[in-house]
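Q: First, the structure itself, so that you have it in front of you.
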Amino acid sequence: MAKHRGRGTVAVNYPIGMNLGGDPSQALVHSNPEGQFTVALSSIDLGQGMKSVTRQIAAETLGVPVGHVYVDTADSDTGAQCMGSFASRGTHRVGNAVIAAAKEARAVMLAAAARELEVNPTDLETDGLGNIHVKGAPQRSVTTKDAANAAQFKYGESVSGSGIFLIPMSDVDVETGEMNTVSCFAHCAMIVDLTVDDKTGEISDVQINSAYEIGRALNPKLMEQQLVGGAWMGLSHAAYETTEPAYPSRDHRPFDFSSYVMPGPGDLAQHDIAILERPAPDGPFGGKGPGEMCANPVLPAVANAVFDAVGVEIDTLPITPERILRALKEQRGA
Amino acid sequence: MTTPVHFTHNGRPVSLFTEAGESLLSLLRLKLGDQTPKYGCGQGGCGACSVRIDGQLRLACLTLAETVDGAEVETVAALSAPNLDPLQEAFMDHFAAQCGYCTPGMIVAARTLLDTNPRPSRDEVIEAISGNLCRCTGYEPIIDAILAVAAQEVSA
């Protein structure tokens, strides 16, 4: 009876979104007469940061401060259509739709500024601080607020734009069965080291080392947050969570929060993360999105590490002490 | 049976009637409109409803409303008036919230810790929030935020 150290590795090609039936998302952007912009989305922020990232993308495209942009994800009945927040698609699909919508709204704002300054719109640039000025002549400027106001009250123009981003449906080649299922991949490599006690079946001292390639980290802190939290959930799925642990029968399964097992703050794995940025050609400012890929690799990596430690291959999740002990018993009996 | 209770809610004296078996959480949320303590599991397993009663950390879902008669009850809302508590600032700086559902309870638990133990170790922080479940963050940013406030308050 002893404790065994084991190592498991995993490599992931993670598809961003899906296009088997076409995968569109839409965004609407408009400004009030004060130059304050609203981005209306049906895409939902579940806590992953959709609102923060689309707000940054809109502000960057419009050329206005982030504080001048509000993202409204209030109602998927009245908002423009979005396929949804799933398949790690939010940043990529919705971000591209926001860029398209914000470009249109920016063009109206710049056209009004051009009329105010009596120049050609192509000679104008934004400073990102709330001003529009003539290239090379910063003293000839108008605020984005005044431009948005003039557009609506003097020129009768709506400072608004609509955008859609579509990955079209991919047909199957009837001869070869070939199809282009995915246009954009994120990547991950992960190493999990852990200890298995062959007497109790318990897993302990989990260390995770990972590298994620996510296009471009549009908001590095949000990215880190999602990778840390997602890996925790991956570990939880790998080793803890189930509604079906049967000790000794199904009657003993958890019925409520108090008996449903999840790792707490005292059960954390040490996790060192490297974020690699390889901007995606079709991503918004190169972004892809960590999405589900932050949780998924932990599961096979833990299974592989258990195999490396004690030589049993567990193919049913979660990898509980009971499952490890049963597999060890079978191994000895064989 | 209907029972009158008098207590202070975030420093404000309140008097109202409670029904037999009503929880403090239900009274706070439904009768006083203070929705900062959250309903998570309703059985003391998640900590989302954490409040302070006479300075002690308590679970509002397991506390009978009639037992707080004469007590001082504080929710996280008490900490943010007039300015945000340093813990609330630190939770933002450390990105210690994603969906935010556990955050009020986490901050009440953390404030209670720092008021009694201004210089906690990492293990003591973990112990202090071990009754509070978080599904999103993996806890690391929360632990870091609490330790940052401890360091800052001790040096101040």
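Q: Please go through region A:249-259 and pick out each residue that is in a loop (DSSP other than H, G, I, E, B), under 27 Å from B:THR137 (Cβ atoms) and open to solvent by 60 Å² or more (accessible area, probe 1.4 Å). Full working, then the answer.
A: Of the residues in region A:249-259, the ones in a loop (DSSP other than H, G, I, E, B) are A:249, A:253-256.
Right, trim to under 27 Å from B:THR137 (Cβ atoms) and you get A:254-256.
Result: A:PHE255, A:ASP256.
Q: Any idea how many residues of region B:1-16 are in a strand (DSSP E or B) and farther than 9 Å from B:GLU72 by Cβ?
A: Kept after step one, since they are in a strand (DSSP E or B), are these residues of region B:1-16: B:2-9, B:12-16.
Of the ones still in play, those that are also farther than 9 Å from B:GLU72 by Cβ are B:2-6, B:12-16.
Matching residues across region B:1-16 total 10.
Q: Evaluate the following for B:GLY42: is it within 14 Å of another protein chain (Cβ to nearest Cβ), modelled with pLDDT under 95 and assigned to a loop (DSSP other than H, G, I, E, B)? Break it down stepwise before answering.
A: Numbers: within 14 Å of another protein chain (Cβ to nearest Cβ): yes; modelled with pLDDT under 95: yes; assigned to a loop (DSSP other than H, G, I, E, B): yes.
Yes: the conditions hold for B:GLY42.
Q: So, one more: Would you point out the residue of region A:223-237, among those that are among the hydrophobic types (A, V, I, L, M, F, W, C) and more than 7 Å from chain B (Cβ to nearest Cβ), that is nearest to A:GLY287 (Cα to Cα)?
A: My answer is A:MET223.
Q: Considering every residue within region A:116-131, establish whether at least one is closer than 15 Å to A:SER31 by Cβ and open to solvent by 80 Å² or more (accessible area, probe 1.4 Å).
A: no
Q: Sticking with this one: Quick check on this structure: which one of A:GLY67, A:GLY6, A:GLY47 is free of Cβ contacts under 8 Å to residues at least 24 places away in the same chain and either under 25 Å from A:PRO279 (Cβ atoms) or not in a loop (DSSP other than H, G, I, E, B) (or both)?
A: Numbers: A:GLY6 fails: free of Cβ contacts under 8 Å to residues at least 24 places away in the same chain; A:GLY47 fails: either under 25 Å from A:PRO279 (Cβ atoms) or not in a loop (DSSP other than H, G, I, E, B) (or both).
On inspection, the qualifying residue turns out to be A:GLY67.
Q: What about A:ALA97, is it hydrophobic (A, V, I, L, M, F, W, C) and either more than 30 Å from A:CYS188 (Cβ to Cβ) or open to solvent by 60 Å² or more (accessible area, probe 1.4 Å) (or both)? Give the derivation first.
A: On the way: hydrophobic (A, V, I, L, M, F, W, C): yes; either more than 30 Å from A:CYS188 (Cβ to Cβ) or open to solvent by 60 Å² or more (accessible area, probe 1.4 Å) (or both): no.
Answer is no for this residue.
Q: Considering every residue within region A:43-57, establish whether at least one is in contact with a strand residue (DSSP E or B) (Cβ under 6 Å, 6 or more places away or on another chain) and more than 30 Å from A:ALA217 (Cα to Cα). If you could, list the steps in order and put the result at the bottom.
A: Here is the first cut: in region A:43-57, the residues in contact with a strand residue (DSSP E or B) (Cβ under 6 Å, 6 or more places away or on another chain) are A:43, A:51, A:54-55.
Still in the list and also more than 30 Å from A:ALA217 (Cα to Cα): none.
Within region A:43-57 (the criterion being in contact with a strand residue (DSSP E or B) (Cβ under 6 Å, 6 or more places away or on another chain) and more than 30 Å from A:ALA217 (Cα to Cα)), the answer is no, since none of the residues qualifies.
Q: From the set of residues in region B:99-130 that are under 21 Å from B:LYS38 (Cβ atoms) and open to solvent by 40 Å² or more (accessible area, probe 1.4 Å), which is nearest to the other protein chains (Cβ to nearest Cβ)?
A: B:CYS99
Q: Follow-up question, since we're still on this one. Could you list all residues from region B:131-156 that are of a type outside the set (Gly, Ala, Ser), within 14 Å of another protein chain (Cβ to nearest Cβ) and open to solvent by less than 10 Å² (accessible area, probe 1.4 Å)? Before you say what the answer is, go through the steps one by one.
A: Going residue by residue through region B:131-156, those that are of a type outside the set (Gly, Ala, Ser) are B:132-137, B:139-144, B:146-147, B:149, B:152-154.
From what's left, within 14 Å of another protein chain (Cβ to nearest Cβ): B:132-137, B:139-144, B:146-147.
Correct list: B:ASN132, B:CYS134, B:THR137, B:TYR139, B:ILE142, B:ILE143, B:ILE146.
Q: From the set of residues in region B:50-67 that are in contact (Cβ under 8 Å) with a residue 40 or more places away in the chain and farther than 20 Å from B:ALA20 by Cα, which is farthest from the other protein chains (Cβ to nearest Cβ)?
A: Of everything passing the filter in region B:50-67, B:GLY55 is farthest from the other protein chains (Cβ to nearest Cβ).
Q: Looking at (1) among the small types (Gly, Ala, Ser); (2) more than 8 Å from every other protein chain (Cβ to nearest Cβ); (3) surrounded by fewer than 17 Cβ atoms within 10 Å (Cβ to Cβ), which one does B:ALA90 not meet, given that it meets all the others?
A: (3)
Q: Pick out the one residue from B:CYS102, B:CYS49 that is under 30 Å from A:ALA269 (Cβ atoms), assigned by TED's automatic domain parsing to the domain that holds B:LEU25 and modelled with pLDDT of 95 or more. Before you say what the answer is, go through the steps one by one.
A: Values: B:CYS102 fails: assigned by TED's automatic domain parsing to the domain that holds B:LEU25.
Residue meeting the stated conditions: B:CYS49.
The values are calculated or read from the model by the stated rules, or taken from the named source; none is laboratory data. This structure is a prediction, so every number in the text was calculated from the model and none was measured. Cβ: placed from backbone, ideal geometry, glycine included. Neighbour counts: every protein chain shown. Surface areas here come from the heavy atoms of the whole protein model, side chains and all, with no ligands, DNA or RNA. Shrake-Rupley method; radii C 1.70, N 1.55, O 1.52, S 1.80 Å.
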